[in-house]
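For reference, the structure discussed in these notes is given below.
The values are calculated or read from the model by the stated rules, or taken from the named source; none is laboratory data. All of these numbers come straight from a predicted model, not from anything done at the bench. FYI the Cβ positions are ideal-geometry reconstructions off the backbone, even for glycines, and counts take in every protein chain you see. Side chains are part of the model used for accessible areas, which takes the heavy atoms of the whole protein and leaves out ligands, DNA and RNA. Shrake-Rupley method; radii C 1.70, N 1.55, O 1.52, S 1.80 Å.
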Amino acid sequence: MEATYKHPKSLVSLQTKYCPGCGHGVIHRLITEVIDELGLQGNSIILNPVGCSIWADLYFATDSVQAPHGRTPAAATGVKRMLRDHLVVCYQGDGDLAAIGTAEAVHAANRGEKFTTIFVNNAIYGMTGGQMAPTTLIGQKAATAPEGRDPLEAGMGYPIKVLEMLATLEGTRYLARGSVDSPVNVRKTKQYIKKAFEAQMRGLGFTMVEILSPCPTNWGMKPVEAVEWLKDSMMPVFPLGEIKNQLEAVK
Amino acid sequence: MPEKTEKLLMKGNEAMAEGALRAGCAAYFCYPITPQSEIPAYMAKHMLERHLVFLQAESETAAISMVYGAAATGARVMTSSSSPGMSLKQEGISYLCGADLPCVLVNVARSGPGLGGISPAQGDYFQSTRGGGHGDYYHIVLAPKDVQECADFTFEAFDLADKWRMPVMVLADGLIGQMMEGVVLPEPKDLSTLLPKPWAVGQQGRTARAFNHVSSMSLVPAELEAAINARFARYDLVRKTETRVTLSNCEKAELVMIGYGSSSRVAWGAIQLAKAQGIEIGLLRPRGLWPFPYDEITELAEQGKKFLCVEMSMGQMIEDVLLAVGARSARSKESSVHFVGRCGGNIPSEEEVFAKAKEILAGRSEPWRLDGRLRSDGSARGAGR
Ligand code: SF4
């Protein structure tokens with residue numbers, strides 16, 4: 001009998017450094033499954049950011065480039081401009097993309113850079129120990145927001161909805177938000193990734209898939225509770241679906 | 001592209017841009033800043049029409065990370081800026097050095113600190129020669145003194161970067177960048193002779209080589225130390241083979257002026273004033289600032305020469321000169337090192353440099369002191385302004 005569920009070729013067989021219940025592992029798997037399906041393993045470059053997913057280069061059986069914190073889209077621009085026929089994946093967390101690297105993300109999107117950003121949104125800084133992120137929800141507790149994110153009295157700002165912000169830019173072609181909380185959403189997220197990668201390889205413009213992802217460790221929850229919290233608290237703020245899809249229009 | 005052996009009249013900035021193009025620069029990333037604006041304009045015009053990668057970035061930090069990404073693919077790549085912009089680029093330069101990526105950096109320096117002014121200065125010596133970002137590293141720094149060297153040094157910088165796997169900086173200043181002189185441009189590089197870059201990312205599938213990971217990260221202290229040790233072993237080779245210095249008129253001279261770039265031109269002018277009065281003064285001109293020509297200076301010190309450092313700063317290169325003459329081990333020799341300089345975008349005049357030289361020769365000049373910023377008479381150091 002043929003196995004229908006195999007270890008992706010592009011995913012290194014290695015015990016994970018990520019915490020139990022972390023979303024990065026599932027997301028890595030989805031990306032590598034799509035790379036395999038498109039036959040792009042020898043033609044792919046992953047840019048791993050500063051943050052928990054700095055480990056991404058351990059797990060991707062592809063070439064990789066590790067850039068300064070937040071400059072990931074700038075480095076991806078440099079890579080993709082030189083290797084136009086390669087799949088370039090810019091992997092970023094919320095701190096990397098929406099705080100220190102906001103300018104790089106916005107301008108790469110606005111230039112219509114032909115790489116795909118995978119934006120892992122877990123509403124917290126993971127690696128540095130649970131500080132408030134640009135996507136932290138109002139009232140959500142963090143190491144640097146012990147009473148919860150307070151936009152008014154403490155002036156901590158509001159959660160940034162990255163895709164909705166980028167949707168106004170003409171260079172963006174495909175912006176979708178998925179989640180890894182349930183099998184059905186995992187499958188949908190994979191379809192978003194596949195559409196984005198295919199659009200990239202056809203040179204259509206900037207593509208980004210945001211993925212809501214649990215960080216049980218810094219949310220102070222058990223893995224199952226974290227998934228529930230993601231569903232109940234994050235999804236109303238960050239609605240799932242294709243936020244912008246102009247792939248037909250620019251074919 | 002102009003004919004190869006023709007002598008052309010060009011600005012220093014344009015000569016650096018054309019030198020880069022002739023070296024096979026395939027990608028250039030920039031952010032606007034005075035006084036280097038002719039470089040991005042020249043690159044835009046000539047690269048876009050040839051379908052090379054020209055990109056005006058959203059910031060200096062982005063531009064240098066674009067350089068990082070493009071360099072990771074093995075392409076010949078460059079950025080240019082001026083002092084405040086180079087400060088911003090230091091983040092990326094540290095990463096480039098940590099990941100052993102070759103690239104060319106042009107700094108058409110102006111005065112600081114902070115926004116400072118837009119007039120020429122040499123206040124970026126420390127930043128350029130000491131690894132201006134975080135961590136233990138160096139990179140090659142070349143210092144052109146005229147438009148010809150702008151073209152030649154930028155052209156050669158690409159070969160040096162590839163050979164030593166490190167960024168190479170061309171440190172000019174606003175005077176050299178803006179002035180026009182005759183230049184014979186180098187012949188375009190035969191790109192089939194470029195060194196292979198087996199460490200670069202891309203095209204992995206063609207040969208099924210092991211995957212390449214371009215990164216400066218290593219969380220295991222012993223491994224990181226080993227990587228830095230290996231890099232410093234390479235630095236020792238660079239010091240041995242890539243030190244660049246020109247000595248002129250030193251044999252008969254009791255006093256030798258030391259200056260690079262624009263300052264060396266002022267010093268040479270002052271030396272001509274001296275000659276007219278029958279006084280022989282030498283010139284030692286570092287054509288590269290890292291590695292620095294310590295040995296050549298030590299040798300002159302051992303011959304008993306005195307030194308006058310001429311700088312467009314409050315005195316930065318002079319610290320390397322003191323290292324060379326052995327300020328710590330032989331305090332007596334410290335008395336042989338003197339300074340004349342202007343900062344804030346001013347250029348010392350040939351007359352004031354010559355006047356300082358005469359003071360030294362008459363035994364009336366206070367030597368430079370690393371441990372004190374005031375002269376014994378209480379006045380500020382430098383040209384006394
Ligand atoms: S800290 Fe959070 S994001 Fe980082 S590995 Fe652990 S669960 Fe994942």
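Out of all the residues in the range B:240-253, is one or more closer than 27 Å to B:A143 by Cα, more than 22 Å from the chain's Cα centre (by Cα) and surrounded by fewer than 14 Cβ atoms within 10 Å (Cβ to Cβ)? Before you say what the answer is, go through the steps one by one.
Within the range B:240-253, the subset closer than 27 Å to B:A143 by Cα is B:240-253.
Those left that are additionally more than 22 Å from the chain's Cα centre (by Cα): B:249-253.
Next cut, surrounded by fewer than 14 Cβ atoms within 10 Å (Cβ to Cβ) only: B:251-252.
Yes.
Can you tell me which residues in the range B:1-48 are within 23 Å of B:S192 (Cβ to Cβ) and in a helix (DSSP H, G or I)?
The answer is B:E18, B:G19, B:A20, B:L21, B:R22, B:H46, B:M47.
Looking at this structure, is A:P8 surrounded by fewer than 24 Cβ atoms within 10 Å (Cβ to Cβ) and either within 16 Å of the ligand (Cβ to nearest atom) or within 17 Å of A:T207 (Cβ to Cβ) (or both)?
no
Please specify each residue of the range B:330-361 satisfying the condition of being modelled with pLDDT under 95 and open to solvent by 40 Å² or more (accessible area, probe 1.4 Å).
B:R331, B:S332, B:K333, B:S335
Residue check: is B:H51 more than 14 Å from every other protein chain (Cβ to nearest Cβ), more than 24 Å from the chain's Cα centre (by Cα) and open to solvent by 10 Å² or more (accessible area, probe 1.4 Å)?
Answer is no for this residue.
Scanning the range A:42-82 for residues that are more than 23 Å from A:A108 (Cα to Cα) and either acidic (D, E) or more than 7 Å from chain B (Cβ to nearest Cβ) (or both), which turns out farthest from the chain's Cα centre (by Cα)?
Within the range A:42-82, the match that is farthest from the chain's Cα centre (by Cα) is A:L58.
Filter the range B:8-25 down to the residues that are open to solvent by less than 10 Å² (accessible area, probe 1.4 Å) and under 10 Å from B:V183 (Cβ atoms) and list them by number.
Within the range B:8-25, B:G12, B:A15, B:E18, B:G19 meet the criteria.
Which ones in the range B:263-283 are open to solvent by 20 Å² or more (accessible area, probe 1.4 Å), polar (S, T, N, Q) and within 26 Å of the chain's Cα centre (by Cα)?
Taking the range B:263-283 and keeping what is open to solvent by 20 Å² or more (accessible area, probe 1.4 Å), we get B:265, B:268, B:272-273, B:275-280.
If we keep only those that are polar (S, T, N, Q) too, we end up with B:272, B:277.
Within the range B:263-283, B:Q272 is the sole residue that qualifies.
Whether any residue in the range A:16-33 is away from the ligand (no atom under 13 Å from the Cβ), polar (S, T, N, Q) and buried (at least 22 other Cβ atoms within 10 Å of the Cβ) is what I want to check. Outline the logic, then answer.
Within the range A:16-33, the first condition is being away from the ligand (no atom under 13 Å from the Cβ), and the residues that meet it are A:29-33.
Checking the rest, the ones that are also polar (S, T, N, Q) come to A:32.
Checking which are buried (at least 22 other Cβ atoms within 10 Å of the Cβ) leaves us with A:32.
Yes, that holds for at least one residue.
State which residue is most open to solvent (accessible area, probe 1.4 Å) when the search covers only the range B:31-48 and only residues that are hydrophobic (A, V, I, L, M, F, W, C) and in contact with a strand residue (DSSP E or B) (Cβ under 6 Å, 6 or more places away or on another chain).
Of the range B:31-48, the ones hydrophobic (A, V, I, L, M, F, W, C) are B:33, B:39, B:41, B:43-44, B:47-48.
With in contact with a strand residue (DSSP E or B) (Cβ under 6 Å, 6 or more places away or on another chain) added as a condition, the list becomes B:33, B:39, B:43-44, B:47-48.
On the way: B:I33: 27, B:I39: 0, B:M43: 0, B:A44: 25, B:M47: 0, B:L48: 96 Å².
Going through the qualifying residues, I end up with B:L48.
Given the structure, is A:E104 within 30 Å of B:I64 (Cα to Cα), open to solvent by less than 10 Å² (accessible area, probe 1.4 Å), within 14 Å of chain B (Cβ to nearest Cβ) and assigned to a loop (DSSP other than H, G, I, E, B)?
Here the answer is no, as A:E104 does not meet what is asked.
Regarding A:V227, is this residue away from chain B (no Cβ under 14 Å), touching a residue at least 24 places away in the same chain (Cβ under 8 Å), of a type in the set (A, V, I, L, M) and within 16 Å of the ligand (Cβ to nearest atom)?
Working: away from chain B (no Cβ under 14 Å): yes; touching a residue at least 24 places away in the same chain (Cβ under 8 Å): yes; of a type in the set (A, V, I, L, M): yes; within 16 Å of the ligand (Cβ to nearest atom): yes.
For A:V227, the condition - away from chain B (no Cβ under 14 Å), touching a residue at least 24 places away in the same chain (Cβ under 8 Å), of a type in the set (A, V, I, L, M) and within 16 Å of the ligand (Cβ to nearest atom) - is met.
Quick check on the range B:211-237: of everything there that is within 10 Å of chain A (Cβ to nearest Cβ) and over 28 Å from the mean Cα position of the chain (by Cα), which residue is most open to solvent (accessible area, probe 1.4 Å)?
First, the residues of the range B:211-237 that are within 10 Å of chain A (Cβ to nearest Cβ): B:211-217, B:219.
Remaining after also requiring over 28 Å from the mean Cα position of the chain (by Cα): B:211-213, B:219.
Working: B:F211: 66, B:N212: 25, B:H213: 86, B:L219: 112 Å².
Step by step, filter the range B:211-237, then rank; the result is B:L219.
Within the range A:16-53, how many residues turn out to be aliphatic (A, V, I, L, M) and part of a loop (DSSP other than H, G, I, E, B)?
Adding up the residues that qualify gives 3.
On the given criteria, is A:V65 more than 16 Å from the ligand (Cβ to nearest atom), in contact with a Leu (Cβ under 6 Å, 6 or more places away or on another chain) and of a type in the set (A, V, I, L, M)?
In short, yes.
Out of the residues in the range A:50-62 that are crowded, with 24+ Cβ neighbours inside 10 Å and modelled with pLDDT of 95 or more, which is nearest to the ligand (Cβ to nearest atom)?
Once the filter is applied, the top-ranked residue is A:Y59.
In the range A:124-221, which helices (runs of 4 or more DSSP H) lie fully inside it and hold 2 or more residues that are open to solvent by 40 Å² or more (accessible area, probe 1.4 Å) and more than 16 Å from the ligand (Cβ to nearest atom)?
Where helices (runs of 4 or more DSSP H) fall fully within the range A:124-221 and carry at least 2 residues being open to solvent by 40 Å² or more (accessible area, probe 1.4 Å) and more than 16 Å from the ligand (Cβ to nearest atom), they are A:162-166, A:183-201.
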